[in-house]
Amino acid sequence: MNVLQTVMSGGRETKIGSVGPYPLYVGSFQSLIESNNEVSDEIMDALFHLFSMRRPGVVAINAHTLTHILDGGARARSHYFVKRNIFENAREVVGPYLKGGNHWTFFHCSIVDRRITYLNSLGEQDEHYHKIAQHWSTFAAAKGYPGPWKRSKRNHTLQKDGVSCGVFTAVFAETFLGGEDGYITCPPIQEERERLSLLLLSSLGGFLVESALKVSDFHQAKRYLVTSDELQRRCSLPESYSANTVVAYLRKAKGQKRNIEEKLAELGVKPTKRTKLTSQCSKLCEDECSDLAGDIMYLATKFIPQKKVGQALMESGNVHAAMAKTEDCRKTLDAVKNALEANWETFDLSTHGLGPAVIKGTFALIDACLKEKMRALKSIDYTDE
C-alpha cells in the first residue's frame, strides 16, 4: 500500500496535517484524488498558498474571501471585510474563485501593472470577466488602490468533463506563478490529481515511516505519515521524547539526527533533554496503533462466536426478570465505558491511541454478546413459563 492509499484509508474527518493556515483531512484528499469528485475548498486554498510561497511579493486570498469579492456582495464592500489590507507589501494577488458556487476558476492581478488575468477551464466569457473586473475594481478602490485595471489573456487547455475544474485551476496557478509563459497545457487529469496529492503530502511538515509491524504477505511494506502534531504529542507529557527517541520513533539512522533536529525546529517541535516514559507502544506511530487495534477487533468479531456466548449467558428463571437484568448490565457497562473515556487522556497519549481503541472495542464486543442473549431470551416461548 502506498502513502496515498494509507492516507485514504482513514475516516473522512481524520486530520492529516496543515499547509499554512489550512488544515487538511482524509476527506480533503479524497476530493482531490478520486476522479469523480470536485476538489474541496481547503485543498484549493492549500495549493494556492503553496504556489504563492514560491513567488516573492504574492498574496494568496482564500476561496471564501475571493468569491465574496468577485461576486460583488455587499459584505465585500464593508469596511470590516478583510480588515488586513492585502495590498500592502504585495505586488500580486492571486486566488481560486468559485464561480456560481460550483466551478473553480483562476484569478490573478498585478498591483503594480494594474492587470487582471482570469482563466476559466471551460473558456472565458467577456461578459463574466467584465463583471468580476468591476467587482474587483470596487473592492480595490475601497482599499486605496483605484483602477483602471487592464486585462491579460492566456491560452490554455479546455476542460472536457464536469468535475476537474479544480485540477485545471491548480495547474493554471502553478504554471502562472512558476513564471512559465505561453500556452498552458493540463496533463492527464488522474495523473495530475495524484501528483498534486503527493505535493501536498510532502508539504504537511511530517515524516514518512515504514511500518514496524511486518506482515509476511510479500507485499510492499506499509508506510505511514507522522505529522508535526503527532511529534508534538510525543515530545510532550507523559512521554516527553528526547531527540534520540524521536530519531528512533521515525526509524531513521542515528547519523540523520542533526537533519531531523533542524526540521523539528522548523516545525516548532521541541524534544526534551531526557525521555520520561517508553513502552512497547512507543515503537509504534499513532496510525500503526489505530490499524493494530482495528485488526484485533476485526479478528475478535470474526472468531469469537457472539451468538454462542450470548446463549451461554442464559439463565433459568423468569424471562422478564432475566431481560431486565441484562438491560441493567448493558447500561452499567455503558456507564463504565463513558467514565473511563472521560478519564483516559493520559492513557490514550501513552499508548498512542491503542489502549482506548481496544478497550472501546472490547466493550462493544461484550455488548454485542449481551444483545445476542436478549435475542435468545425474546425467542423463548412465554407460554412455557
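Restricting to region 352-372, name every residue that is under 18 Å from GLU327 (Cα atoms) and in contact with an Asp or Glu (Cβ under 9 Å, 6 or more places away or on another chain). Residues satisfying the conditions are PHE363, ASP367, LEU370. Tell me, please, whether a residue that is of a type in the set (Phe, Trp, Tyr), open to solvent by 80 Å² or more (accessible area, probe 1.4 Å) and touching a residue at least 24 places away in the same chain (Cβ under 8 Å) can be found in region 366-384. Yes.
Regarding LEU177, is this residue open to solvent by 90 Å² or more (accessible area, probe 1.4 Å) and either closer than 30 Å to ILE116 by Cβ or at pLDDT 85 or above (or both)? It would help to see each step written out before you state the result.
Values: open to solvent by 90 Å² or more (accessible area, probe 1.4 Å): no; either closer than 30 Å to ILE116 by Cβ or at pLDDT 85 or above (or both): yes.
So LEU177 fails the test.
Every condition in (1) out of contact with any Phe, Trp or Tyr (no Cβ under 6 Å at 6 or more places or on another chain); (2) in a helix (DSSP H, G or I); (3) within 30 Å of LEU231 (Cβ to Cβ) holds for ASN343 except the one numbered (2). Among the residues examined, LEU50 qualifies as open to solvent by 20 Å² or more (accessible area, probe 1.4 Å) and modelled with pLDDT of 80 or more. Selection of region 287-326 for residues being open to solvent by 60 Å² or more (accessible area, probe 1.4 Å), within 30 Å of ALA212 (Cα to Cα), at pLDDT 90 or above and not charged (D, E, K, R) yields ILE296, TYR298, LEU299, THR301, PHE303, ILE304.
Of the residues in region 309-329, none is within 30 Å of ASP287 (Cα to Cα), in contact (Cβ under 8 Å) with a residue 60 or more places away in the chain and in a helix (DSSP H, G or I). Scan region 116-129 and tell me whether some residue there is open to solvent by 40 Å² or more (accessible area, probe 1.4 Å), out of contact with any helix residue (DSSP H, G or I) (no Cβ under 9 Å at 6 or more places or on another chain), modelled with pLDDT of 95 or more and among the hydroxyl-bearing types (Ser, Thr, Tyr). No: zero hits. Restricting region 331-365 to residues that are loosely packed, with under 13 Cβ neighbours inside 10 Å and among the charged types (D, E, K, R), the residue that is farthest from the chain's Cα centre (by Cα) is LYS331. Does at least one position in region 263-279 carry a residue that is closer than 25 Å to LYS214 by Cα, modelled with pLDDT of 95 or more, in contact with a Phe, Trp or Tyr (Cβ under 8 Å, 6 or more places away or on another chain) and not hydrophobic (A, V, I, L, M, F, W, C)? Checked region 263-279: no residue is closer than 25 Å to LYS214 by Cα, modelled with pLDDT of 95 or more, in contact with a Phe, Trp or Tyr (Cβ under 8 Å, 6 or more places away or on another chain) and not hydrophobic (A, V, I, L, M, F, W, C).
Applying a threshold of 8 Å to beta carbon distances and a minimum spacing of six or more residues, or different chains, the list of pairs starting in region 262-273 at a residue that is within 12 Å of LEU231 (Cβ to Cβ) and ending at one that is open to solvent by 50 Å² or more (accessible area, probe 1.4 Å) and at pLDDT 90 or above reads LEU264/LYS270; GLY268/GLN232; VAL269/GLN232; PRO271/GLU261.
I'd like the full set of residues that are within 13 Å of THR169 (Cβ to Cβ), touching a Lys or Arg at 6+ places or on another chain (Cβ under 8 Å) and touching a residue at least 60 places away in the same chain (Cβ under 8 Å), limited to region 89-146. Passing the criteria: THR105, LEU119.
Of the helices (runs of 4 or more DSSP H) contained entirely in region 199-283, those carrying at least 2 residues that are open to solvent by 30 Å² or more (accessible area, probe 1.4 Å) and under 23 Å from SER18 (Cα atoms) fall at 228-234, 257-267.
Which one is farthest from ILE296 (Cα to Cα) among residues in region 361-382 that are in a helix (DSSP H, G or I) and among the β-branched types (Val, Ile, Thr)? Walk me through it before giving the result.
We begin by selecting, within region 361-382, every residue in a helix (DSSP H, G or I); these are 361-378, 382.
From the residues that got through so far, the ones that are among the β-branched types (Val, Ile, Thr) too are 362, 366.
Values: THR362: 10, ILE366: 15 Å.
Among those residues, the one meeting the criterion is ILE366.
Selection of region 17-32 for residues being in contact (Cβ under 8 Å) with a residue 60 or more places away in the chain and open to solvent by 20 Å² or more (accessible area, probe 1.4 Å) yields only SER18.
Can you confirm whether LYS143 is in contact with a strand residue (DSSP E or B) (Cβ under 7 Å, 6 or more places away or on another chain) and either open to solvent by 30 Å² or more (accessible area, probe 1.4 Å) or closer than 30 Å to TYR224 by Cβ (or both)? Talk me through it step by step, then tell me what you get.
Values: in contact with a strand residue (DSSP E or B) (Cβ under 7 Å, 6 or more places away or on another chain): no; either open to solvent by 30 Å² or more (accessible area, probe 1.4 Å) or closer than 30 Å to TYR224 by Cβ (or both): yes.
The answer is no for LYS143.
Among the residues of region 153-174, which ones are of a type in the set (A, V, I, L, M, F, W, C) and open to solvent by 60 Å² or more (accessible area, probe 1.4 Å)? It would help to see each step written out before you state the result.
Going through region 153-174, the residues of a type in the set (A, V, I, L, M, F, W, C) turn out to be 158, 163, 165, 167-168, 170-173.
Result: LEU158, single match.
The values are calculated or read from the model by the stated rules, or taken from the named source; none is laboratory data. Note that the structure is predicted; figures quoted are calculated from it, not measured. Virtual Cβ from ideal backbone geometry, glycine too; neighbours counted across all protein chains shown. The area values use the complete protein model at the heavy-atom level, side chains included, leaving out ligands, DNA and RNA. Shrake-Rupley method; radii C 1.70, N 1.55, O 1.52, S 1.80 Å.
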